[in-house]
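The values are calculated or read from the model by the stated rules, or taken from the named source; none is laboratory data. For clarity, every value in this text was computed on a predicted model and none was experimentally measured. All Cβ positions, even for glycine, are placed from backbone atoms using ideal geometry, and neighbour counts span all protein chains on display. Surface accessibility is based on the protein's heavy atoms, side chains included, excluding ligands, DNA and RNA. Shrake-Rupley method; radii C 1.70, N 1.55, O 1.52, S 1.80 Å.
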Amino acid sequence: APAMGRGGAGARKVAKAMLDELMGKDRNKPLSERRRKKNHFSDPDYCKYYLMGFCPYMLFTNTKSDLGQCNLNHSDMMREQWEKLTDGERASYRYEDDMQVFLEDIVRGIEHRISKRKEKSQADLNQLPPPDPEMLAQKATLESEIETCTEEMDNLNDEGRFEEARAMMERIESLQQEVKRKTREIENKRTLETGKVLGVCDICGVLIGVGDEQADARHLVGKQHLGYEQIRNKLKDLRATQERRRELRKQFREQQMERERNDPGRDDDRNARRDLKREQQRDKDYDRYRF
């Protein structure tokens, strides 16, 4: 029989993972030897990041931001298990805390790259001739009109004239687009004789030609931009819920201690108190690591 290629090996690996998930890893063993427990999202073979929406390792494959390969299973069935938990139960696993630490590290890395690239970009911009005064004046006029329209829109809202206020908002949005176009015209004129100057995206750090509207539009739907945008949005959510997760974890552990304390077969609650102290110490260690 011909040797199985890389594609065949990959397909077999996927098929094996699906069978493991559906029937268990001991499916080929005699019934008497099979393990008695079902697959669970906490099993070490499952990616914990994927449970919470996405695995960062999957976002940047074959790009300059490639994080490497995740060798764990990305299981929708395990994600369904995870999503059925209460907020307190999820907080007790600390997977969201672990993901926050990982995403913080990724964002620190890209922010450092953006900072370095902006220094180089600014140095290039400083070599350009000054902006055209007439075009700057046109831009300033547009910005002044935006301020006037914004004030008028606020007054219309205060007077309850909402239809007129909505029309004014549309006018403001149109003016904002004109300001963007004028800005690109100014930069295009500055770089016309000296050649392209690269700007830096604040989200993903990708270098884009200043005033190159087509390149900018392409990069906004590129894998790196979409990936870092997803990471930043998820990190924002995790930061916003960090203190609540901590409080939920404390409540969950206290409830668990209470149940154990009321268990007639339990002689004391020393182990429960020890576990609670361990959780509190982990919270302190987590803050120390981040800040």
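Tell me, which helices (runs of 4 or more DSSP H) wholly within segment 36-132 include 2 or more residues that are open to solvent by 40 Å² or more (accessible area, probe 1.4 Å) and over 25 Å from GLN256 (Cα atoms)?
76-83, 95-126
Could you tell me which of the residues GLU163, GLU145, GLU185, GLU173 is charged (D, E, K, R), farther than 30 Å from LEU125 by Cα and either open to solvent by 70 Å² or more (accessible area, probe 1.4 Å) or not in a loop (DSSP other than H, G, I, E, B) (or both)?
Of GLU163, GLU145, GLU185, GLU173, the one residue that is charged (D, E, K, R), farther than 30 Å from LEU125 by Cα and either open to solvent by 70 Å² or more (accessible area, probe 1.4 Å) or not in a loop (DSSP other than H, G, I, E, B) (or both) is GLU163.
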If you go through ILE203, ILE208, the only one that is in contact with a His (Cβ under 9 Å, 6 or more places away or on another chain) and either open to solvent by 60 Å² or more (accessible area, probe 1.4 Å) or at pLDDT 85 or above (or both) is ILE203
